[in-house]
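Heads up, the thing below is written out as structure tokens.
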Amino acid sequence: NAPFTSVEIDKCIKLLKNNKSPGIDNVLNEYIKCTKTHMLPICVKLFNIILETGYIPSNWSEGIIIPIFKNKGDSKDPEKYKPITLLSCVGKLFTSIRNEKLNKHINQNEIL
């Protein structure tokens, strides 16, 4: 449970993909990437507060479900759609950083 560093967060920001739909907060990955210089210290503080308190903003887990047509068959048939869920890009960034830390810990300690 070591605190997040700006290096870890910066690494994950660089891996964010463009042209992804935002979640309920309307924050795009492009916004996160373009404002990184100013927002990185804020992200470090925010993510470490979340780590310390265990409180994750509720809107990070709220999704917008969009049905996407599979381009096969009758478009009036509900079975021909797959649902995708649009989640907060900031929440996904936090999750990816946490996942990186966990994977690093597991590999360093040969847990798996």
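Worth a mention:
- Calculated P(r) of the range 73-112 - Cα pairs past 13 Å, %: 69
- Sequence-distant contacts, meaning Cα pairs under 8 Å at least 6 residues apart, place the relative contact order of the chain at 30 percent.
- Per residue, the chain reaches -15000 deg cm²/dmol at 222 nm when only DSSP H runs of four or more residues are counted, each adding -39500 (n - 2.57).
- Residue of Gly73, Gly91, Gly63 that the Gaussian network model of the chain assigns the largest fluctuation, springs spanning Cα pairs under 10 Å: Gly73
- Rg and Dmax of the chain, Cα atoms only, in Å: 17.1, 52
The numbers here are math on the coordinates, done by the rules we state, and not lab data. Just so it is clear, the model here is predicted, and its values are computed rather than measured.
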